[in-house]
Amino acid sequence: MSSTTRPPFRLNNSEFWTGVIGLGLGAFVINSGLKLKLGTINDPGSGFMMFYIGLMMCAFAVGIILASVTEGGPTFGSRWEDARWSKPVLIIVCLIAYAFALEPLGFLVATIPLMLLLLRIIDPVRWTLAIPLAVLAPVGVWWVLKHGLAIMLPTGTFEIG
């Protein structure tokens, strides 16, 4: 007869704390749904979906908490070992620059260089694929938003679009 030993519960178990945070968020969503009035199944109120989504969030969070207590889980430190921060930081810097460039340059002039930068530096794609993707994807999105959905995008100083 073999006995299985379960790992001891550690307070720095990252999955446990993820479940606790999820449980808190679920409780907040439930409370928000209740404040907006539930209504009935035949006549749902504005908080009907929020309430039941909050219940599901809490159920999943409890499942994560139970699994982390019974099976253990990785520590916070082990989650960050060998983490490479250069690419996430570069993406954040690029998106901040894009946010500042969007209004003065316009959607197309700001988006095409961003796409090219992301395709070549973040996840390297060969030039023969990166250039058409960086041009055609923003132009396609611009066309759908402008002509299909009649949404006005920033034209910038060059007034392209």
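The values are calculated or read from the model by the stated rules, or taken from the named source; none is laboratory data. These numbers come from a predicted model, not from an experiment. Counting neighbours? That spans all protein chains shown, and the Cβs are built from the backbone with ideal geometry, glycine included.
Here is how the numbers come out for the structure above:
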quantity	calculated
Residues located in region 35-46, provided they are on the phi < 0 side of the Ramachandran plot and either loosely packed, with under 14 Cβ neighbours inside 10 Å or in contact with a Ser or Thr (Cβ under 7 Å, 6 or more places away or on another chain) (or both)	K35, L36, T40, I41, N42, D43, S46
Helices (runs of 4 or more DSSP H) within region 63-123 that include 3 or more residues surrounded by 14 or more Cβ atoms within 10 Å (Cβ to Cβ) and not acidic (D, E)	86-105, 107-117
Only listed residue being in contact with an Asp or Glu (Cβ under 7 Å, 6 or more places away or on another chain) and within 24 Å of G19 (Cα to Cα), chosen from I64, I53	I64
Any hit, region 84-104, residues being under 20 Å from F16 (Cβ atoms) and in contact with a helix residue (DSSP H, G or I) (Cβ under 8 Å, 6 or more places away or on another chain)	no
Residue identified as without any contact (Cβ under 8 Å) to a residue 40 or more places away in the chain, in contact with a Phe, Trp or Tyr (Cβ under 8 Å, 6 or more places away or on another chain), among the hydrophobic types (A, V, I, L, M, F, W, C) and not assigned by TED's automatic domain parsing to the domain that holds G26 among L95, L90, L114	L114
All positions within region 18-67 that are of a type in the set (V, I, T) and closer than 22 Å to R79 by Cβ	T18, V20, I21, V62, I64, I65
T40 in contact with a Lys or Arg (Cβ under 7 Å, 6 or more places away or on another chain), more than 30 Å from I121 (Cβ to Cβ) and modelled with pLDDT under 85	no
